[in-house]
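Colleague: Structure provided below as C-alpha cells; questions to follow.
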Amino acid sequence: MLAVFVGSLQYILEKGQEDDWFNSNTIIILTVMSILGAFFFIWRETTYRNPVVQLRVLKNGNLRIGTILSFIMGFGLYGSTFIIPLYTQSILGWTATQAGLLFVPAALTTAIHDAIDREIITNRHQTTISRIMAGMLLFFFFCMWGYKILTPDTGRERIFLDANTSWCSYGIVIYSNNCFIIRNFKRQEIGDGAAFTGMMRQLGGSFGVAVIITYMSRKNMMHRSDLVSKLDINSPAVQAKLAALQNGLIAKGTDIITAKQQALALMDHSITKQAAVLSYMDVFLFV
C-alpha cells in the first residue's frame with residue numbers, strides 16, 4: 001500500500017506537467033490510487049499491533065519538526081540541483097558531462113563536512129538548532145546568489161561557487177536535523193524515525209521538481225509574451241538590429257531573402273533565450 005501510494009504520487013508529480021495534469025486519464029487514475037493507498041496504509045499501520053512502519057513515533061515533537069524540515073530541504077535542494085544542470089546545458093551550452101562534474105566537488109565537500117559535523121554535534125548537542133538555522137540561512141543566500149548571477153553567459157566559476165554553497169548548506173542542515181530528531185529517541189525507535197525523514201526528503205524533492213517544472217514553464221510563457229510585446233517592427237532600434245543581423249548573414253554568403261528569414265529566426269532565438277533566463281531567475285527567487 002505504501003508502494004502504491006508513493007509510486008503513484010511520484011509518477012503524478014514527475015509527469016503531471018508533461019501530461020497536462022488532470023486532462024490525462026492516467027493522472028486521474030493514479031491520483032485515486034495514491035489517495036486510496038495512503039488511506040489504507042495509514043489505517044493498517046495504526047490498527048495492527050506490530051506494524052511494519054511505526055506511525056506512532058510521530059508523537060515525538062522533534063520528529064514532527066525534523067520531518068517538515070527534511071521535506072523543505074528536499075524541496076529546495078533537489079529542486080535547485082535539478083535546474084542548475086538544465087540551465088548550464090540549455091543556456092550556457094555545457095555538455096552533460098561538464099554539468100555533472102560540477103557536482104563532484106560539492107559531493108566531496110558534503111562528505112568532509114559531514115565528518116566534521118558529526119564530531120562537533122556529538123560533543124555539543126546544544127548547537128544543533130543553531131546549526132540548522134545557519135544551514136537554512138546559507139541555503140537562502142545560495143538561492144539569492146543564483147538569482148543575481150544568472151545571465152545568458154554567466155561564468156563557470158560563479159556557477160561552481162553557487163552549486164557548492166548549496167551542498168555545503170545541505171550538509172549542515174541534514175546532519176544537524178538528524179541529530180535533533182534522534183536526541184529524544186530510544187535506540188529501537190531510531191530506525192523508524194530515520195525512515196520518515198528519508199522518505200519525506202525524497203517526497204520533498206519530487207514535489208520540488210514538479211512544482212519548479214510547472215512554475216518555470218508558465219513563467220517562461222509569460223516572459224516571452226512580455227518581451228515580444230515590446231518588439232515593435234516599426235521601432236528604429238528593432239529595424240537596426242534586424243538590419244545588422246541580415247547584413248552579417250549576407251556578408252557570409254547568404255542570399256537576401258534567406259538572410260532576412262534567418263535574421264528573424266535569430267531574433268526569435270534571442271527572445272526565447274532571454275525568456276528562459278528570466279524564468280530561471282524566478283525559480284531561484286521562488287525557492
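The values are calculated or read from the model by the stated rules, or taken from the named source; none is laboratory data. Note that the structure is a prediction, hence the values are computed from the model and not measured. Please note: Cβ atoms are built from the backbone with ideal geometry, for glycine as well, and neighbour counts cover all protein chains shown.
Colleague: Which one of the conditions (1) over 30 Å from Ala163 (Cα atoms); (2) in contact (Cβ under 8 Å) with a residue 12 or more places away in the chain; (3) surrounded by 14 or more Cβ atoms within 10 Å (Cβ to Cβ) does Leu58 fail to meet, given that it meets all the rest?
Modeller: (3)
Colleague: Quick one: in segment 87-110, of everything that is in contact (Cβ under 8 Å) with a residue 60 or more places away in the chain and of a type in the set (A, V, I, L, M, F, W, C), which residue is farthest from Asp153 (Cα to Cα)? I'd like the intermediate steps shown before the answer.
Modeller: Applying the first criterion (in contact (Cβ under 8 Å) with a residue 60 or more places away in the chain) to segment 87-110 yields 87-88, 90-92, 102-103, 106-107, 109-110.
Keeping just the survivors that are of a type in the set (A, V, I, L, M, F, W, C) gives 91-92, 102-103, 106-107.
Working: Ile91: 8, Leu92: 6, Leu102: 16, Phe103: 20, Ala106: 22, Ala107: 25 Å.
Checking each candidate, the answer is Ala107.
Colleague: Would you check which residues across segment 86-109 are among the hydroxyl-bearing types (Ser, Thr, Tyr) and under 18 Å from the mean Cα position of the chain (by Cα) and list them? Break it down into steps so the answer makes sense when it comes.
Modeller: Of segment 86-109, the ones among the hydroxyl-bearing types (Ser, Thr, Tyr) are 87-88, 90, 95, 97, 109.
If the condition is that a residue be among the hydroxyl-bearing types (Ser, Thr, Tyr) and under 18 Å from the mean Cα position of the chain (by Cα), then Tyr87, Thr88, Ser90 are the ones that fit.
One line per residue, one yes/no per condition, for (1) surrounded by 17 or more Cβ atoms within 10 Å (Cβ to Cβ); (2) in contact with an Asp or Glu (Cβ under 6 Å, 6 or more places away or on another chain); (3) in the same structural domain as Ile129 (by TED's automatic domain parsing); (4) at pLDDT below 85:
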| site | (1), (2), (3), (4) |
| --- | --- |
| Ala3 | no, no, no, no |
| Val6 | yes, no, no, yes |
| Asp19 | no, no, no, yes |
| Leu36 | no, no, no, no |
| Gly74 | yes, no, yes, yes |
| Tyr78 | yes, no, yes, yes |
| Leu86 | no, no, yes, no |
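Colleague: State whether one or more residues within segment 156-164 are acidic (Asp, Glu), more than 18 Å from Phe82 (Cβ to Cβ) and in contact (Cβ under 8 Å) with a residue 24 or more places away in the chain.
Modeller: Narrowing segment 156-164 to residues acidic (Asp, Glu): 157, 162.
Filter once more, keeping what is more than 18 Å from Phe82 (Cβ to Cβ): 157.
Now restrict to residues that are in contact (Cβ under 8 Å) with a residue 24 or more places away in the chain: none.
The answer is no; no qualifying residue exists.
Colleague: Ok, one more. Going through Thr154, Thr165 one at a time, which residue ends up being assigned to a loop (DSSP other than H, G, I, E, B) and crowded, with 17+ Cβ neighbours inside 10 Å?
Modeller: Values: Thr165 fails: assigned to a loop (DSSP other than H, G, I, E, B).
Step by step, each of Thr154, Thr165 is checked, and only Thr154 is assigned to a loop (DSSP other than H, G, I, E, B) and crowded, with 17+ Cβ neighbours inside 10 Å.
Colleague: Please determine, by comparing only the residues of segment 137-155 that are closer than 19 Å to Val173 by Cα and among the aliphatic types (A, V, I, L, M), which one is nearest to the chain's Cα centre (by Cα).
Modeller: Ranking the candidates gives Met144 first.
Colleague: Let me ask something else. Between a first residue in segment 219-236 that is over 18 Å from Phe284 (Cβ atoms) and a second residue that is of a type in the set (A, V, I, L, M), which pairs have beta carbons less than 6 Å apart while being 6 or more apart in sequence or on different chains?
Modeller: Short answer, once both residue conditions are applied: Arg224/Ala275; Leu227/Ile271; Leu227/Ala275; Leu231/Val238.
Colleague: Please state which one of Thr26, Thr88, Thr46, Thr67 is within 20 Å of Ile129 (Cα to Cα) and hydroxyl-bearing (Ser, Thr, Tyr). Steps first, answer last, please.
Modeller: Details: Thr26 fails: within 20 Å of Ile129 (Cα to Cα); Thr88 fails: within 20 Å of Ile129 (Cα to Cα); Thr46 fails: within 20 Å of Ile129 (Cα to Cα).
Exactly one of Thr26, Thr88, Thr46, Thr67 is within 20 Å of Ile129 (Cα to Cα) and hydroxyl-bearing (Ser, Thr, Tyr), namely Thr67.
Colleague: Ok, one more. So, in segment 64-94, of the ones that are assigned to a helix (DSSP H, G or I) and of a type in the set (Gly, Ala, Ser), which residue ends up nearest to Tyr215 (Cα to Cα)? Before the answer, list the steps.
Modeller: The initial filter retains those residues of segment 64-94 that are assigned to a helix (DSSP H, G or I), namely 64-90.
Adding the requirement that they be of a type in the set (Gly, Ala, Ser) leaves 66, 70, 74, 76, 79-80, 90.
Working: Gly66: 27, Ser70: 22, Gly74: 17, Gly76: 14, Gly79: 12, Ser80: 13, Ser90: 17 Å.
By that ranking, first place goes to Gly79.
Colleague: Sticking with this one: Being part of a helix (DSSP H, G or I) and polar (S, T, N, Q) is the filter; apply it to segment 24-50 and report the residue that is farthest from Gly7 (Cα to Cα).
Modeller: Taking segment 24-50 first, the residues part of a helix (DSSP H, G or I) are 25-47.
Those left that are additionally polar (S, T, N, Q): 25-26, 31, 34, 46-47.
Details: Asn25: 17, Thr26: 13, Thr31: 11, Ser34: 8, Thr46: 21, Thr47: 23 Å.
Among those that are part of a helix (DSSP H, G or I) and polar (S, T, N, Q), it is Thr47.
Colleague: A further question on this structure: Pairs needed: first member in segment 1-13, in contact (Cβ under 8 Å) with a residue 24 or more places away in the chain and outside any helix (DSSP H, G or I); second member anywhere, surrounded by 18 or more Cβ atoms within 10 Å (Cβ to Cβ) and of a type outside the set (Ser, Thr, Tyr); C-beta distance under 6 Å; at least 6 residues apart or different chains.
Modeller: Every condition considered, the pairs that remain are Met1/Gly37; Met1/Phe41.
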